[in-house]
Amino acid sequence: MEGRETERKAELEKMLQDTEPKPKTTIVWGTGLVLLVLPFIISAPLATEILIWGIFGLGFNLLLGYTGVLSFGHAAYFGLGAYSCGLALRYWQASIWTGLLLGIVSSMILACFIGALAIRKRGVYFAMISLAFGQMLYFLALSPLKQITRGEDGLTHIPMLQILSISLNRPRPLYYFVMVITVLMLYLTWRILQSPFGKLLQAFRENEERAKACGFNTTRVKFLSLVLSALYGGLAGALNTIYLGYVPLSTLFWLTSGTMVMMTILGGKGTFLGPLIGAGVFLFLQNTISLLTPRWELFVGAIFVFIILLFPAGIMGTLRDKYTSYRMVKLKKQIESSGDSI
Amino acid sequence: MRIRSVLMALGLIATVVILMGIAEAKEIKYGTMHPLTGAYSVLGRDQQRATEMAVEEWNAKGGVLGNKIVWVSRDDQLNGAVALRRAKELVDEEKCDFIGGTLSGSISIAINEFACKNKVPYVAYCMSDMVLGTDQCQYGSAFMVIPYSAALAVSKYAFDNLGKKWYSLTADYRWGQSLLEGWIWQSEQMGGKFLGNVYAPLGATDFSTYYAKILAANPDFLVMNNLGADQTAAIKQAAELGLTKKMKIVCTKTAMHTIKEVGPAYDENIMGGMTFYWKLGEKYATSKKFSDNFMKKYGQPSEQDGESGYVATNVLFMAMEKAGTVTDKEKIMNAMEGLKYQLTKGPEYVRACDRQRVQSYLLLKGKGNKAKDWDLADIMAEIPGESILMSCEDNAKKLPFINIKLPK
Amino acid sequence: MFFDVPWNVVVLQLFFGLALGSIFVLLASGLSIIYGLLDVVNFAHGTFAMLGAYAVFLAVSLSGSFGVGILSAVVIVGLVGGLTEYLLLKPLYGKDPLLPLLLTFGLSIAIPDLIKIIFGLIGKPVNYPQAFSGATILGPLILPNYRLFIIFFTLAIMISLWLFLKKSDLGMILRASTRDSGMVQILGVNVSRIWTIGFAIGIGLAALGGAISAPMMAATPDMGVDMTMVAFVVTVVGGLGSLGGAIVGGLFIGVVVAITSFIAGEYATVSMYFCMAIILLIRPRGLFGEIGRE
């Protein structure tokens, strides 16, 4: 009888595991296909922007959706990445890769600094502090550091770049370059989530107190998460510089941070594809509505409020929950039909 | 046989000529960008409206050289990144041959760079430094005065009429500083006495802390190098703190909506500069026609930014007519250089070396309680465009202003 | 640099700093009450202040009296605040604590656009009240009356608020709910209603801040953003959830900005963020904050 019980238990466990959404091959190929044809459906510049914000969001989501820390000043990492890359390209005639690397590294250093100061704080408090830090960076770039950042004008005269002798000045090649990097970052994110650290993050997402009780150093986890998210932010900022050929001051503005938050929530925090979907939907909405009325902020803001009230899990989150509950129902039926009762 | 061949040949030639004619009747795609959201949406909206009016007027008379104009406009949100994306969309997706607009000088510089890289003619509607130094290229043209010129115009009047001792309150960014440079230079030329300057950060709302210093310095007049909400707050608080009783206030650039927002505090002690004000209709028939048409169509007179867009759009089309082509962009820009016209003020022209519109600058005085509806100010002076221009060589080297040492 | 500045100019700067700081106090105290009571960081705080400015514009245009204007602003916008809490925030309690914050953020984006549709894009002027025009002269000091009004009025409001919280029954319940809302509920109080009232009071204070600012700068749709930032900075400096902290913090930041404007104008805005950074370094809970609240 005992043998049969262990067997039964293993069977139930396997069924339970099956209910967890896994990266299905169809989703992977579907995403790949969409990414490939996107510039033919919508404009290439818009598509490129969606990917750039998507990369930004992947990192931001690790922090918000998985670790549960809300940063309202993430524009600081985006902006710093953008400016470092821009300065390197303009003044040192750096190559693309140096520019991107510089963007990543500078943002991560900034994250270490801010993390050291503030990561221990409670959620809402950290949100406020991160916002204020973001603002500080913005005002520093606007005025006191004007000589370097060119203040309000933004950084111009960034040279046109080439990859393998294909000029990145044309929209399609630029899009595919960014797409390749996006795919790499998607893969990297997946690997991170599969790793022990990633599992820890998911434990965090479920219940931070319990993770702490299990002996994990929550502060260290949050700190690492912040720095990791800054990696993505800095990369996205640097890519933005390459895409625009220019670094506007608005990359550091609080609205950039706010937009990132909205995109992530919209797409579904704590889901894998959420940030990418969120970026797409948000930018598409903003673009389309602004063709009809200059008052697009009213609609986007109202939609956001609506989402928070009714679908706080966002698009992917709601889909995932529906899928999970559907699977749970199926599992229950399966178990009941095989004779056992719950 | 002979006659048949000749007729066939003639027929062929005729067909070819007709086909060429049909091929020539393509549409002109013109795309513009304006801040329709954000703090300056009032001005962006006027830019958009004036462009619409210009395009409709031209299409009503058959377009340019028989080609219809198709116009699209986009919101740039006064944001550099968005503006550049719009520019890319307009050129790459909408296939616009010509672009125009934007309100922010710094954005216009970025758009100008884009236009030069992609060889797309760009007519800028705003106060821009893009025609100076190394920033310019053949495809960019600017239709509002450059900041230095505004300062030169207003300062000349001030030193002639208001006194010699002056203090300044400057918004701390490139545009404000350019204005200040112009003032300092003119002050040196005309024997002015510069008592000092205070920088206020962009977006400042409380100016009381700056005014104590200014009151103590006791100048003949206070120069304000700011605009928008900053200027509104600065003037309101200047009146509150009694500054206006002790000194005149001179705003290098002001706007109708600012005067409205300040209310009766914008009185005879306050002067401001604009490139256009509808009351010019009392002097020029062209001004009256433009303002009346705009008023009839949109219910209110146009701000200077609208007028600037109207002229820019018109001049672009006029250049096409003069060049005799709507596709050869280099030829069109060449035709624009030196183009003479009279559209909304007196006779004007586009300077050849830098494709800058040479236009007059107005100085207005507030009316306080006597202001009613859109009768918000009286025009005190119209300073001719040529007197506020630097030479082509100086412009290319950003002289003489690049040598001015700004106070810390 | 300080030494060749006449003393009366320094005093004047301090005076202006206090006036500026008083407005900060009004904004921050509202934010602090809302946070203390509801654990909600109100991202739309400045937006409500902006509504207060528009309300005073409307009321003054209709009644001609500034006093009526301020009262209307507080009451009307306070009610709007209460309604907002009841309809939009209440459904979110008990769920993810970040949701209310995000909701208020959405409001801060949508509401200014709504105001643009209703009132247009051009700002609305509000005149200084006749009663407080001119200045009081104390020797070499010329103190504008409206600024004096701001300082004393804020003082009066803060004293009333303190008395209300300390002495009245409702105030006592509010304070208790801040400490332990569960206990208050067990004792039979309708805590849900208390939360709505508390939120409305916080919003009323914000509206007051906006209304008082209106004569100095005109009511514009986008004026709220900076006010929200200021409220945040002051709250971090003073200590989240502490009313005393909001008062001291507000005045302190006001004076810092005033002094910085005098010495190096372009750093005026950055200076308050520097203060915040320094406080985070040396005393993370804020001047009057409690440990554990952060």
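The values are calculated or read from the model by the stated rules, or taken from the named source; none is laboratory data. The structure presented is a predicted model; accordingly, all values stated were derived computationally and were not measured. Ideal geometry is used to build each Cβ from the backbone, glycine not excepted, and the neighbour counts take in all protein chains shown. Only protein heavy atoms, including side chains, enter the accessible area calculation; ligands, DNA and RNA are left aside. Shrake-Rupley method; radii C 1.70, N 1.55, O 1.52, S 1.80 Å.
For chain C, the relative contact order is 37 percent, taking Cα pairs closer than 8 Å that sit 6 or more residues apart in sequence and dividing their mean separation by the residue count.
Report summary: the helix-based calculation at 222 nm, which adds -39500 (n - 2.57) for every DSSP H run with n ≥ 4 and divides by the residues of chain C, gives -24500 deg cm²/dmol.
Heavy-atom accessible area for A:Lys332, with the other protein chains in place and a 1.4 Å probe, reaches approximately 110 Å². Applying the criteria of a DSSP loop state and at most 14 other Cβ atoms within 10 Å to the GluC sites (Glu not before Pro) of segment B:193-289 yields B:Glu268. Take every pair of alpha-carbon atoms less than 8 Å apart whose residues are at least six positions apart; their mean separation over the length of chain A yields a relative contact order of 30 percent.
Checked against a 19 Å cut-off, the cross-linked pairs B:Lys68/B:Lys88; B:Lys365/B:Lys405; B:Lys283/B:Lys365; B:Lys236/C:Lys124 give Cα-Cα distances beyond that limit for B:Lys68/B:Lys88; B:Lys365/B:Lys405.
Placing a label point 7 Å from the Cα of A:Leu188 along the Cα-to-Cβ direction, the residues of segment A:268-295 whose backbone N falls under 17 Å from that point are A:273, A:275-276.
Between B:Lys26 and B:Tyr298, the modelled label-to-label distance comes to 3.1 nm, taking each label 7 Å out from Cα in the direction of the beta carbon. On a per residue basis, chain B carries 35 Å² of accessible surface, using protein heavy atoms and a 1.4 Å probe. Set the bar at 29 Å for Cα to Cα. Now go through A:Lys146/C:Lys116; B:Lys248/B:Lys289; B:Lys279/B:Lys397; B:Lys331/B:Lys397 and name every pair that lies beyond it. Long pairs (Cα-Cα over 29 Å): A:Lys146/C:Lys116; B:Lys248/B:Lys289; B:Lys279/B:Lys397. For A:Leu12 and C:Ile186, a Förster radius of 35 Å and the Cβ-Cβ distance give a FRET efficiency of 0.25, rounded to the nearest 0.05.
Below 12 angstrom from the Cβ of C:Thr196, what's the summed charge of the other residues (Lys, Arg +1; Asp, Glu -1)? Result for the local shell: +1. Just to confirm my numbers, what's the Cα centroid distance between segment A:89-168 and segment B:97-136 in Å? After rounding, the separation between the Cα centres reads 25 Å. Computed over chain C with a Gaussian network model linking Cα atoms closer than 10 Å, the most mobile of C:Gly245, C:Gly139, C:Gly120 is C:Gly139.
Set the Cα radius of gyration of chain B against 2.2 N^0.38 Å, with N its number of residues, and you get 1.08. Distance between the pseudo-spin-label points of A:Met328 and B:Lys193 (7 Å out from Cα toward the beta carbon): 8.2 nm. Take A:Thr25: with every protein chain present and a 1.4 Å probe, its accessible area is about 100 Å². Working note: Karplus 6.51/-1.76/1.60 with θ = phi - 60° gives segment A:85-92 the couplings 4, x, 4, 4, 5, 7, 9, 10 Hz, where Gly and Pro are set to x.
Ranked by solvent-accessible area (1.4 Å probe, protein heavy atoms only, all chains present), the residues A:Phe311, A:Phe223 order from largest to smallest as A:Phe311, A:Phe223. For chain B, carbon and sulfur atoms together expose 55% of the accessible surface, with a 1.4 angstrom probe and every protein chain in place. Of the residues in segment A:35-70, those shielded by at least 30 Å² of accessible area once partner protein chains are present, compared with the chain alone at a 1.4 Å probe, are A:Ser43, A:Pro45, A:Glu49, A:Leu70.
Among the chymotrypsin sites (Phe, Trp or Tyr not before Pro) within segment C:1-92, those in coil by DSSP and having at most 15 neighbouring Cβ atoms inside 10 Å are C:Phe2, C:Phe3. For segment A:2-341, a Kirkwood hydrodynamic radius built from all Cα pairs, placed in the Stokes-Einstein relation at 4 °C and 1.567 mPa s, yields a translational diffusion coefficient of 61 µm²/s.
Cβ-Cβ distance of C:Val10 and A:Trp92, R₀ of 45 Å, FRET efficiency by 1/(1 + (r/R0)^6): the value works out to about 0.45.
Rounded, prolate or oblate: pick one for the protein assembly as shown, where a ≥ b ≥ c are the square roots of the eigenvalues of its C-alpha gyration tensor, a/c under 1.5 means rounded, and failing that, prolate if a/b is larger than b/c, else oblate. Judged from the Cα gyration tensor, the protein assembly as shown comes out oblate (a/c at least 1.5, b/c at or above a/b). Each semi-axis of the equivalent ellipsoid for segment A:33-88 is √(5λ) with λ an eigenvalue of the Cα gyration tensor; in descending order they amount to 24, 18, 8 Å.
The listed residues B:Arg74, C:Arg179 rank as C:Arg179, B:Arg74 when sorted by accessible area, largest first, using a 1.4 Å probe.
Summed over both chains, the contact between C and B buries some 2600 Å² of accessible surface at a probe radius of 1.4 Å.
Once C-alpha pairs closer than 8 Å and six or more residues apart are averaged by separation and normalised to the residue number of chain B, the relative contact order reads 16 percent. Among the protein heavy atoms of segment A:2-341, carbon and sulfur supply 66% of the accessible surface, probe 1.4 Å, non-protein parts ignored.
Overall shape of chain C was characterised from the C-alpha gyration tensor. The equivalent ellipsoid obtained from it has semi-axes of 31, 24, 18 Å, in decreasing order. Using a Gaussian network model of chain A in which every pair of alpha carbons under 10 angstrom is joined by a spring, one finds that among A:Val281, A:Val124, A:Val69 the greatest mean-square fluctuation is at A:Val124. Cross-link reach is defined here as a Cα-Cα straight distance under 15 Å, omitting same-chain residues fewer than 8 places apart; for B:Lys322 the aspartates and glutamates meeting it are B:Glu330, B:Glu337. Computed from the Cβ-Cβ distance with R0 of 30 Å, the FRET efficiency linking A:Ile335 to C:Leu87 stands at 0.10.
Once A binds C, the 1.4 Å probe can no longer reach about 4000 Å² of accessible area, counting both sides. Cross-link partners for A:Lys9 among the lysines, with Cα-Cα distance under 28 Å and sequence neighbours closer than 8 places in the same chain left out: A:Lys22, A:Lys24, A:Lys199, A:Lys322, A:Lys330, A:Lys332, A:Lys333. In this view, the solvent-accessible surface of A:Glu152, computed with a 1.4 Å probe and all protein chains in place, comes to about 60 Å². Taking only Cα atoms and a 10 Å spring cutoff, compute GNM fluctuations for chain C and point out the largest among C:Gly52, C:Gly241, C:Gly188. Between C:Gly52, C:Gly241, C:Gly188, it is C:Gly188 that shows the largest mean-square fluctuation. Only DSSP H runs of four or more residues enter the estimate; each adds -39500 (n - 2.57), and after division by the residues of chain B the mean residue ellipticity at 222 nm equals -14000 deg cm²/dmol.
Here the accessible area is traced with a 1.4 Å probe on the protein chains. For segment C:22-222, carbon and sulfur cover 71 percent of it. Nearest 10 degrees is fine. How inclined is helix A:254-267 to the longest principal axis of chain A, computing both from alpha carbons? Between the helix axis and the principal axis of chain A, the angle is about 30 degrees. Rounded to the nearest 10 degrees, the angle from helix C:66-84 to the longest Cα principal axis of chain C is 30 degrees.
Kindly report the accessible area of segment C:22-222 per residue (heavy atoms of protein chains, probe 1.4 Å, no ligands, DNA or RNA), in Å². Present the calculation step by step, with values, prior to reporting the outcome.
On the way: 7700 Å² over 201 residues.
Accessible area per residue, segment C:22-222: 38 Å².
Helix C:243-263 and the long axis of chain C differ in direction by around 30°, with both axes built from C-alpha atoms. Mind grabbing the interface size between B and A? I mean buried accessible area, both sides, 1.4 Å probe, in Å² to the nearest hundred. The buried area between B and A, both sides summed, comes to about 2700 Å². For segment A:2-341, the solvent-accessible area with a 1.4 angstrom probe is 43 square angstrom per residue.
Can you list the residues in segment B:109-154 whose accessible area drops by at least 30 Å² when all protein chains are present, compared with the chain alone? Use a 1.4 Å probe, heavy atoms only. Buried by the other chains: B:Ala110, B:Glu113, B:Lys117, B:Asn118.
Contact residues in segment A:213-248 (at least 10 Å² less accessible area with all protein chains than alone, 1.4 Å probe): A:Tyr243, A:Leu244, A:Gly245, A:Tyr246, A:Pro248. For the protein assembly as shown, give me the percentage of DSSP beta bridges that are antiparallel, rounded to the nearest 5 percent. Among the beta bridges of the protein assembly as shown, antiparallel pairing accounts for roughly 40 percent.
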